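Take a look at the structure below.
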Amino acid sequence: MMTTAGGRTYGGLTAEDRQLQRRESLIAAGLQLFGTLGYPNVSVKRICTEAGLTQRYFYESFGDRAALLGEVYNHCVDIARAATLAAAAEVLEDTELTDGPIPDDMVPALAEQALRGFITSLTEDTRRARIIMIEVVGVSPELEMLRLRAIHGWADLILGFAARGHEPTADQRLAAIGLVGALTQLLVDWQTALDAPIEAGYDLELFAIDAIHRVVTATFVATYQQLFHAD
């Protein structure tokens, strides 16, 4: 059935399907361009050229570039969260643990594996890392709130594992937020070192991914032992 009338199908796709495809093409274009050239350097026209669409279709889905950046950011966060949960599941799936506290002897392996999943999801595609760690920062109050909600969402994920079986205390909530902040800053430094010219003297060896993974794992475990295990 081939028609462009109303909401009926055209080439097997409804009008809603086609709009969704265009939106996804724009998000993919935003990921590529924001993640390689940087948000300030990319115009709506260039995004549309990358997506193979006219500017009319851009404004069909997004009010402005910042709105697209927010959706690209959410897309990147969703990928990282899925990778983190999948990695954690690998540790938990061979146990009969369904609820209640994580056994103390499992915490190091769980932290190591979950953090590896998160870090790998970013470092295997540095476009996503750049968008999450660099490009979204300071663009607008709305995107700052989006970023803050994501940080607290990651903290809630940590608490979901660390404080299983009881309501986390205020100190535990602060600790979880702080852990997310520490990991984020180290990855910001890694991303900056990755992109910095050699003459800038930024020490990429200091911010090596293996070192970051090792240090944040130790920090997560130590925090658990100090603030969660004793609870």
*Return the pairs, sorted by first residue and then second, in which the second residue is exposed (fewer than 13 other Cβ atoms within 10 Å of the Cβ) and in a helix (DSSP H, G or I), the first residue lies in the stretch 40-69 and is touching a residue at least 24 places away in the same chain (Cβ under 8 Å) and assigned by TED's automatic domain parsing to the domain that holds Ser140, the beta carbons are less than 6 Å apart, and the residues are 6+ apart or on different chains.*
none
*For the stretch 33-41, indicate whether the set of residues that are within 30 Å of Ala163 (Cα to Cα), at pLDDT 95 or above and under 20 Å from the mean Cα position of the chain (by Cα) is non-empty.*
no
_What's the number of the only condition in (1) surrounded by 21 or more Cβ atoms within 10 Å (Cβ to Cβ); (2) touching a residue at least 60 places away in the same chain (Cβ under 8 Å) that Leu143 fails to meet?_
(1)
*State whether the residues of the stretch 45-58 include one that is among the hydroxyl-bearing types (Ser, Thr, Tyr), farther than 27 Å from Ala196 by Cβ and within 22 Å of the chain's Cα centre (by Cα).*
no
_Where the second residue is at pLDDT below 90 and the first is closer than 18 Å to Gly153 by Cα and lies in the stretch 76-96, which pairs have Cβ atoms under 9 Å and are six or more apart or on separate chains?_
Ala88/Phe161
*Take Ala193 and decide whether it is crowded, with 21+ Cβ neighbours inside 10 Å and among the small types (Gly, Ala, Ser).*
no
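Residue-by-condition table, conditions (1) surrounded by 20 or more Cβ atoms within 10 Å (Cβ to Cβ); (2) assigned to a loop (DSSP other than H, G, I, E, B); (3) modelled with pLDDT of 95 or more:
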{"residue": "Leu122", "(1), (2), (3)": "yes, no, no"}
{"residue": "Met133", "(1), (2), (3)": "yes, no, no"}
{"residue": "Gly138", "(1), (2), (3)": "no, yes, no"}
{"residue": "Leu148", "(1), (2), (3)": "no, no, yes"}
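The values are calculated or read from the model by the stated rules, or taken from the named source; none is laboratory data. None of these values were measured; they are calculated from a predicted model. All Cβ positions, glycine included, derive from the backbone under ideal geometry; neighbour counts span all protein chains shown.
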